[in-house]
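Below is one structure, written out as structure tokens; the observations come after it.
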Amino acid sequence: MKHTVFHYHTLSEVKQEAEKLQVFLPLSEDTATLFQPLTFGEKTADNRIAFLPMEGTDGTETGAPGELTCRRYLRFAQGGPGIIWFEAVSTLPEARASAHQLYLTEENVDAFAALLNDIRETSLRENGYVPVIIMQATNSGRYAKPHGYPEPLAAYHCPPVEPERLPDERIVTDDDLMRFEAAYEKTTKLCQQAGFDGMDIKCCHRYLACELLSAYEREGLYGGSFENRTRFLKNCYRASAAAVTRKDFFLTSRINVYDGYPWPYGFGVARDRSLEPDFTEPLQLIRDLREEFSIPVVNISMGNPYQNPHVSRPYDHGNYVPDEHPICGVSRLMSGIRTIQEAMPDLPVIGSGFSYLRQYSGNLAAGMVGSGYCAMAGFGRMTFADPLFVRELRTSGQMDSRKSCVTCGACAGRLRAGIPAGCLVRDREVYHP
Ligand SMILES: Cc1cc2nc3c(=O)[nH]c(=O)nc-3n(C[C@H](O)[C@H](O)[C@H](O)COP(=O)(O)O)c2cc1C
């Protein structure tokens with residue numbers, strides 16, 4: 001079904017549209033529920049809003065936070081989310097998604113530490129509390145572009161994402177994977193040294209650890225069985241866990257529970273080659289991580305932002321018009337998040353994909369959190385458009401349509417182009433075409 005651009009003027013109109021489409025979309029007018037603290041592991045988040053990782057492509061060439069990186073995070077800190085889930089930070093130079101992706105090293109760890117201090121000071125001064133700050137450690141895998149052009153480190157040949165078959169040497173060997181795993185140990189040490197509260201071993205959006213989850217047809221130690229396909233992620237955890245020295249430091253992951261590709265190319269999908277989600281394996285994986293590595297919290301996402309972005313961030317304007325109504329996309333995300341949270345009631349789940357609803361996304365967050373379908377609501381694009389929306393929700397129970405994200409995709413376009421990403425609509429002084 002083709003859709004029309006977002007045109008809802010009241011929350012009731014959004015509700016009616018969801019009813020018409022017969023999709024799950026819990027909306028609540030009472031947003032106070034978002035302002036209850038959440039304790040997980042040794043940490044307490046002041047409220048139930050998380051700012052999701054949003055890469056800015058604005059690091060220095062050596063991987064340190066640049067001027068615009070610091071500006072973004074200080075705006076986030078001012079907003080006052082309970083968690084700042086810091087953007088993708090590379091574990092190796094060849095694994096960077098761009099020449100300006102952050103990359104944590106011994107040489108620049110002090111710059112990260114200084115930024116964290118500034119974030120905490122700003123939030124404390126402006127809001128009276130500090131956010132929990134989690135760093136996302138990544139290997140960009142198939143989407144590695146360390147010098148500004150593609151230098152893929154792919155898990156396997158995947159026809160749905162390869163318009164032209166990659167040269168065989170672009171498929172990483174088992175030995176490469178072992179080397180990549182080992183790099184997480186050093187990153188974990190540095191991450192603690194910088195002062196992060198926890199580290200995310202990124203496993204979403206078809207970057208390396210995520211792509212391996214669907215390597216059903218790969219030979220060797222990392223393909224075929226569930227055990228083999230999850231080996232890389234778990235070995236990254238083992239390497240990281242060996243480096244944890246701070247008692248209050250935790251490991252976690254942002255996990256794709258559904259990729260949007262049919263079997264044998266997608267994780268979390270039915271084996272009948274349809275696009276129906278099947279969360280059996282994602283649930284098993286999250287249970288394993290909980291049991292073996294005591295993850296205190298998990299973030300759930302879906303899709304591949306390069307190939308089927310409507311699955312991970314439903315939008316109005318993109319480089320193609322999807323065959324589904326964006327509200328159906330939001331609903332798919334919310335249903336998946338709910339399934340995981342209900343199956344694991346003791347593990348706080350952070351949801352993703354709320355921004356499409358603009359000024360009503362706080363009502364969706366309240367509906368999800370208030371009903372116990374997730375413990376926290378994570379916001380991506382909205383944080384670029386209007387990082388202060390958390391304060392506004394707290395004081396007025398509403399978000400301002402004049403400041404909200406309009407899901408135009410321009411921030412993602414800049415990211416893909418390898419130039420600093422921000423909001424071209426609401427932050428024009430800094431980001432303009
Ligand atoms: C410009 C841009 C940068 C992003 N960077 C990251 C990232 O570093 N790590 C990640 O896991 N997701 C990243 N995402 C995905 C978002 O965290 C989020 O999942 C997505 O935008 C959907 O949430 P939303 O509807 O609130 O925007 C990025 C998205 C955009 C548009």
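Quick rundown of the values:
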| quantity | calculated |
| --- | --- |
| Enumeration of residues in region 368-392 that are crowded, with 24+ Cβ neighbours inside 10 Å and assigned to a helix (DSSP H, G or I) | 368, 369, 381, 382, 383, 384, 389, 390 |
| Neighbours by Cβ (under 7 Å, 6+ apart or cross-chain): first from region 254-272, free of Cβ contacts under 8 Å to residues at least 60 places away in the same chain and farther than 13 Å from residue 213 by Cβ; second acidic (Asp, Glu) and part of a loop (DSSP other than H, G, I, E, B) | 270/276; 270/278 |
| One residue from 292, 276 being over 15 Å from residue 206 (Cβ atoms) and in contact (Cβ under 8 Å) with a residue 12 or more places away in the chain | 292 |
| Wholly enclosed helices (runs of 4 or more DSSP H) of region 280-354 bearing at least 1 residues of a type in the set (Lys, Arg), more than 16 Å from the ligand (Cβ to nearest atom) and on the phi < 0 side of the Ramachandran plot | 280-293, 326-343 |
| Positions within region 377-414 being more than 30 Å from residue 98 (Cα to Cα) and not hydroxyl-bearing (Ser, Thr, Tyr), in sequence order | 390, 391, 392, 393, 394, 397, 398, 399, 400, 402 |
| Residue match in region 380-388 (condition: closer than 29 Å to residue 129 by Cα, away from the ligand (no atom under 11 Å from the Cβ), β-branched (Val, Ile, Thr) and at pLDDT 95 or above) | no |
| Complete set of residues in region 355-378 that are within 9 Å of the ligand (Cβ to nearest atom) and touching a Pro at 6+ places or on another chain (Cβ under 8 Å) | 356 |
| Residue 69 under 30 Å from residue 148 (Cβ atoms) and either touching a residue at least 24 places away in the same chain (Cβ under 8 Å) or aromatic (Phe, Trp, Tyr) (or both) | yes |
| Elements of type helices (runs of 4 or more DSSP H) in region 129-241, at least 2 residues being farther than 22 Å from residue 307 by Cβ and small (Gly, Ala, Ser) | 174-194 |
| Close pairs from region 405-420: first charged (D, E, K, R), partner near the ligand (Cβ under 7 Å from one of its atoms) and assigned to a loop (DSSP other than H, G, I, E, B), Cβ under 8 Å, at least 6 apart | 414/421 |
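The values are calculated or read from the model by the stated rules, or taken from the named source; none is laboratory data. Source: prediction; values computed, not measured. Positions of Cβ are backbone-derived with ideal geometry, glycine not excepted, and every protein chain shown enters the neighbour counts.
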